[in-house]
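One structure is given below, encoded as structure tokens.
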Amino acid sequence: MSSAPTLVLASASPARLATLRSAGLAPYVLVSGVDEDAAVRPYGELAADEVALVLARAKAEAVAAVLDGDSAPEDAPASAVVLGCDSVLELDGEAHGKPVDAAEATARWRRMRGRSGVLHTGHWVVDLREDGSGATLGAVASTTVHFADISDDEIEAYVATGEPLAVAGAFTTDGLGGAFVRGIEGDHHTVVGVSLPLLRDLLGECDVTWTSLWAPR
């Protein structure tokens, strides 16, 4: 088995970083800067879960290209496995990412309240280790989310905090939006933005054991 790498998180999401850290990992963060509309445009019509996977792959491969090129940051790890993630909410067969503004967030919550949607989180892993597998692979974790039937006043107050504008689906379970989610069916980490069990499986396919990534305590 090859040496344990550093997990590089190709995401600016503080929730994803916090989730990985709470699981004992110490990721190196390098944001991809991928143009999401441009990344999905060549594929035409995509289902919500396909959008999540395409974007996760685009982000992972963009960061992998930086690390593998001349523009890598000076403090970048010498041995790395890159993780790209993207989350998309499916509601009425439509894919929803982050709302573009407060009006969209408000309209979306008026559709979601009292109903259920599916939060898809795409994961893509690129193994950059010199003695590694060289793998590039991914998968999607999907979780059903049941929303509370909240009032117009609650929607207005929640949107005014700005939190719904910063997250896919316009809600959180680990923040102010937690009280507005009645329950979930599936891995709750998926809703936060990264499924730890799925990530463990993907890393295992790259011959990277989960416990080898634990930071020293």
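Derivation of every value follows stated rules applied to the coordinates shown; laboratory data play no part. Just so we're clear, the structure is a prediction, and the values are computed from it rather than from any experiment. Cβ sites come from the backbone with ideal geometry, for glycine too, and all protein chains shown count toward neighbours.
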Among Val40, Val63, His146 - extreme Cα towards positive end, dipole of the chain, charges at beta-carbon: His146
Integer Hz, Karplus 6.51/-1.76/1.60 couplings in order for the stretch 193-200, x for Gly and Pro: x, 8, 7, 5, x, 5, 4, 4
Pair-distance profile P(r), taking every C-alpha pair of the stretch 156-204, with 10 angstrom steps and integer %: 24, 45, 23, 7, 1
Binned Cα-Cα distances of the stretch 50-91, short to long, each 5 Å bin given as a whole percent: 5, 22, 25, 17, 12, 9, 5, 3, 0
Surrounding net charge for Thr143, when Lys and Arg each add one and Asp and Glu each subtract one, Cβ distance under 13 Å: -4
Theoretical ellipticity at 222 nm over the chain - DSSP helices of four or more residues, -39500 (n - 2.57) apiece, nearest 500: -9500 deg cm²/dmol
Loop-located GluC sites (Glu not before Pro) in the stretch 74-162 whose Cβ has at most 10 other Cβ within 10 Å (DSSP): Glu74, Glu130
Stokes-Einstein D for the stretch 67-121, Kirkwood Rh over Cα pairs, 25 °C, 0.890 mPa s (µm²/s): 170 µm²/s
Hz values of 3J(HN,Hα) by residue in the stretch 42-53 - Karplus curve (6.51, -1.76, 1.60), Gly and Pro given as x: x, 8, x, 6, 10, 6, 4, 5, 5, 4, 4, 6
Within a Gaussian network of the chain (alpha carbon springs, distance under 10 Å), most fluctuating of Asp127, Asp201, Asp75: Asp75
About the Cα centre, charge dipole magnitude for the chain (Lys/Arg +1, Asp/Glu -1 at Cβ), debye: 500 debye
Dipole of the chain, positive direction: furthest Cα of Val51, Gly84, Leu20, with charges on the beta-carbon: Leu20
From the C-alpha gyration tensor of the chain, square roots of 5λ in Å: 32, 18, 15
Cα-Cα pairs of the stretch 93-217 separated by more than 26 Å (percent): 34 percent
Inverse of mean 1/r across different Cα pairs in the stretch 1-78, Kirkwood, Å: 14.0 Å
